[in-house]
Amino acid sequence: MDTFGQKLRVGREAKSFSQAELARRINSHHSIVGKYERDEVKPTIDVVKKLADLSETTVGYLLGETEDRELLKDPSMMKRLNDIAKFSEQDKTCILYALYAMINNVKLKAI
């Protein structure tokens, strides 16, 4: 699994940013970006949010919570998940059970 620094470097290079340019955009110094990329220093969560936005990915991806760069970037999906999170545990269980059944049904059709 790639480290935070490796993911940051790949994202920076994909956007054709130099370390200096990325540093300027997050109000920092290029040497700090280099330390982030070498995993010598860990940024604050506020900086990680800025880096994720500039890299067009998610905080979860940079922090290793997922290997999918695009996961949960869809605002309509995030809204639905936030709505579900506010429900009671019983309602969440029912919704997730129904969702699980629908996903399995779609997967079976694809086979």
- Task: Using only Cα atoms, tell me the angle between helix 75-85 and the longest principal axis of the chain; keep it within 0 to 90° and round to the nearest 10.
- Result: 60
- Please label the shape of the chain as rounded, prolate or oblate, based on the square roots a ≥ b ≥ c of the eigenvalues of the alpha-carbon gyration tensor (a/c under 1.5 means rounded; beyond that, a/b larger than b/c means prolate, else oblate). prolate
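Rounding to the nearest 20 debye, state how big the charge dipole of region 1-44 is about its Cα centre with +1 on each Lys and Arg Cβ and -1 on each Asp and Glu Cβ. Kindly include the intermediate steps, with their values, before the conclusion.
Working: 9 positive and 6 negative charges, 28 e Å.
With Lys and Arg at +1 and Asp and Glu at -1, about 140 debye.
Run the accessible area of the chain with a 1.4 Å probe and give the carbon-and-sulfur part as a rounded percent.
On the way: 4490 of 7830 Å².
That share works out to 57 percent.
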- Task: Pop the C-beta distance of residue 67 and residue 31 into the FRET formula with R0 = 22 Å and round what comes out to the nearest 0.05.
- Result: 0.15
- Item | With Cα atoms, 0 to 90° folded angle of helix 89-110 axis to the chain main axis | 90
- Given charges at beta-carbon only (K, R positive; D, E negative), |dipole| of the chain in Debye: 180
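Please give me the summed charge of the neighbours of residue 21: other residues whose Cβ is under 14 Å from its Cβ, Lys and Arg +1, Asp and Glu -1. Please list the in-between numbers first.
Values: positive: 9, 12, 15, 24, 25, 50; negative: 13, 37.
Neighbour charge sum, excluding residue 21 itself: +4.
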- Degrees, to the nearest 10: 4-14 long Cα axis against longest axis of the chain: 80
- Just order 87-100, 13-26 by mean Cβ neighbour count inside 10 Å, highest at the front, would you? 13-26, 87-100
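Let's test the formula: R0 of 41 Å, r as the Cβ-Cβ distance of residue 14 and residue 104. What FRET efficiency results, to the nearest 0.05? Could the numbers behind the result be given before it?
On the way: r = 35 Å, r/R0 = 0.84.
Efficiency at R0 = 41 Å is approximately 0.75.
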- Message: Can you list residues from other chains, or at least 5 along the same chain, whose modelled amide H is less than 5 Å from the amide H of residue 41?
- Response: 36
- Given 18, 85, 57, which one lies farthest toward the positive end of the charge dipole of the chain, if we put +1 on the Cβ of every Lys and Arg and -1 on the Cβ of every Asp and Glu? 18
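For the chain, report the accessible area per residue in Å² (1.4 Å probe, heavy atoms, rounded to an integer).
Values: 7830 Å² over 111 residues.
Ligands and nucleic acids excluded, the figure is 71 Å² per residue.
The values are calculated or read from the model by the stated rules, or taken from the named source; none is laboratory data. Keep in mind it's a predicted model, so treat the numbers as computed, not measured. Please note: Cβ atoms are built from the backbone with ideal geometry, for glycine as well, and neighbour counts cover all protein chains shown. Side chains are part of the model used for accessible areas, which takes the heavy atoms of the whole protein and leaves out ligands, DNA and RNA. Shrake-Rupley method; radii C 1.70, N 1.55, O 1.52, S 1.80 Å.
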